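Participant: Have a look at this one.
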Amino acid sequence: MFVSISFSVVIFIDINRELSRFEVFQNIRRERLESEFGQLPTHPLTSAVDREIISEARGRLIANLLLLNTLILAISGGAAYFLAGRTLGPIKKMLDDQAQFIGDASHELKTPLTALRSEIEVYLRSKTHSVEEADEILKSNLEEVVRLQNLSDSLMILTSFERTNIQNVSMEMLDLKQIVSFVIKRVQPLAKDKNIVITDKSKKVELFGNEKSLIELFVILLDNAIKYSDRGKKVVISSVNDEKYVSVKVTDQGPGIEEADTERIFGRFYRADKSRTSTDKVGYGLGLSIAKEIVKLHNGNISVKSKVGKGSEFIVDLLLK
Ligand code: ADP
């Protein structure tokens, strides 16, 4: 608008000067003719310029310049609004996501903290405490502290992966089979507790990735497969690959996931069936969001196929090189 108004002022001053010059010259011309030929008859060509025509031309010039500037203001205002919306949209989404994240995290922190506080308060209010009572309270408090520690660990892992990208993480050629064997060893105690058999059908294939994060990824998937399956069920980890990709599948015979939840479970703090998952299957709904970040770091893809009552199959596609 500043440029447009400056140009308009310059144009107006220039044209106005030309109009005044024209008026002055016409008058001089007429005076010269009159001194030579005496009083001239009033004719449009010989008469002095009509002042009204000049001021009308000025008026029209001002009106046109005003109209032009208004148009430019409207168009540039609209364009600025549209472009600002497009530029600020992702920033707004990021801020909304962050606010949602902080809200969810505070909510998750509140539950164990409230439980801790009320147990301690009840204990302190009672006059007589037995050693057994004190033990009971301490045990329960310890459970809540462990929950808090798990939550803070998960939050730290998630935020660290969100900030990591392929440039600032060490990537190397890794053997998928070795990673899978290592992960199975790590989750074996959990599987044994529930009498769950894990079968390894993964192939020996080399892929380019970050070892620590890939271990974390498969621990999350196998841990969920065990956590959500009933006793005595089977979990299988298998892989197929071509020259470019490897597709790793973690299949279980657990409760399955509703179709509507298959996308949402990868979001932060999302737990599919709260009534089913809130009691014995302790979690915060952060595991799969961490898994998603790890897969994103490797330019891969994670998805789930599931049938309620039959089981789930988590599929991770990773680039080999
Ligand atoms: P958490 O397990 O800590 O709740 P996740 O992000 O790992 O969090 O999983 C999100 C939700 O997805 C879980 O609460 C659960 O409802 C569902 N889910 C994940 N894995 C499985 C599985 N193998 N079988 C059934 N449901 C699953």
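Participant: Collect the residues in the stretch 197-227 that are surrounded by 15 or more Cβ atoms within 10 Å (Cβ to Cβ), closer than 13 Å to Thr251 by Cα, more than 12 Å from the ligand (Cβ to nearest atom) and among the hydrophobic types (A, V, I, L, M, F, W, C), keeping them in residue-number order.
Facilitator: Hits for the stretch 197-227 are Ile198, Phe218.
Participant: To continue, here is another question. Considering only residues that are near the ligand (Cβ under 8 Å from one of its atoms) and in a helix (DSSP H, G or I), which ones fall in the stretch 252-273?
Facilitator: Within the stretch 252-273, Asp261, Ile265, Phe266 meet the criteria.
Participant: While we're on this one: Checking the structure you have, find out if any residue of the stretch 76-98 is part of a helix (DSSP H, G or I), of a type in the set (Phe, Trp, Tyr) and closer than 25 Å to Leu148 by Cα. Break it down stepwise before answering.
Facilitator: Taking the stretch 76-98 as the starting set, the residues that turn out to be part of a helix (DSSP H, G or I) are 76-98.
Remaining after also requiring of a type in the set (Phe, Trp, Tyr): 81-82.
This time we only want the ones that are closer than 25 Å to Leu148 by Cα, so: none.
There is no residue in the stretch 76-98 that is part of a helix (DSSP H, G or I), of a type in the set (Phe, Trp, Tyr) and closer than 25 Å to Leu148 by Cα.
Participant: Same structure again: Looking at the stretch 116-134, is at least one residue in contact with an Asp or Glu (Cβ under 6 Å, 6 or more places away or on another chain) and among the aromatic types (Phe, Trp, Tyr)?
Facilitator: no
Participant: Quick test for you: out of Ser160, Ser130, pick the one residue that is modelled with pLDDT under 90 and either open to solvent by 90 Å² or more (accessible area, probe 1.4 Å) or more than 30 Å from Gly209 (Cα to Cα) (or both).
Facilitator: Ser130
Participant: What is the one condition in (1) surrounded by 19 or more Cβ atoms within 10 Å (Cβ to Cβ); (2) hydrophobic (A, V, I, L, M, F, W, C); (3) farther than 17 Å from Glu313 by Cβ; (4) touching a strand residue (DSSP E or B) at 6+ places or on another chain (Cβ under 9 Å) that Met171 does not satisfy?
Facilitator: All conditions are met except number (1).
Participant: Give the residues of the stretch 67-93 that are without any contact (Cβ under 8 Å) to a residue 40 or more places away in the chain and either within 17 Å of Ser6 (Cα to Cα) or of a type in the set (A, V, I, L, M, F, W, C) (or both), sorted by residue number. Explain how you work it out, then say what you get.
Facilitator: Filtering the stretch 67-93 down to residues without any contact (Cβ under 8 Å) to a residue 40 or more places away in the chain leaves 67, 70-71, 74-75, 77-93.
Result: Leu67, Thr70, Leu71, Ala74, Ile75, Ala79, Ala80, Phe82, Leu83, Ala84, Leu88, Ile91.
Participant: Further question on the same structure: Suppose we filter Val219, Val187, Val122 for residues that are among the β-branched types (Val, Ile, Thr), part of a helix (DSSP H, G or I), over 30 Å from the mean Cα position of the chain (by Cα) and under 25 Å from Phe269 (Cα atoms); which single one remains?
Facilitator: Val187
Participant: Can you confirm whether the stretch 235-246 contains a residue that is of a type in the set (Val, Ile, Thr), in contact (Cβ under 8 Å) with a residue 40 or more places away in the chain and in a loop (DSSP other than H, G, I, E, B)?
Facilitator: no
Participant: Let me ask another. Hey, any hits in the stretch 248-260 for a residue that's closer than 18 Å to Asn301 by Cα, of a type in the set (S, T, N, Q) and at pLDDT 95 or above?
Facilitator: Among the residues of the stretch 248-260, at least one is closer than 18 Å to Asn301 by Cα, of a type in the set (S, T, N, Q) and at pLDDT 95 or above, which makes the answer yes.
The values are calculated or read from the model by the stated rules, or taken from the named source; none is laboratory data. Being a predicted model, the structure only gives us computed values, none of them experimental. FYI the Cβ positions are ideal-geometry reconstructions off the backbone, even for glycines, and counts take in every protein chain you see. Only protein heavy atoms, including side chains, enter the accessible area calculation; ligands, DNA and RNA are left aside. Shrake-Rupley method; radii C 1.70, N 1.55, O 1.52, S 1.80 Å.
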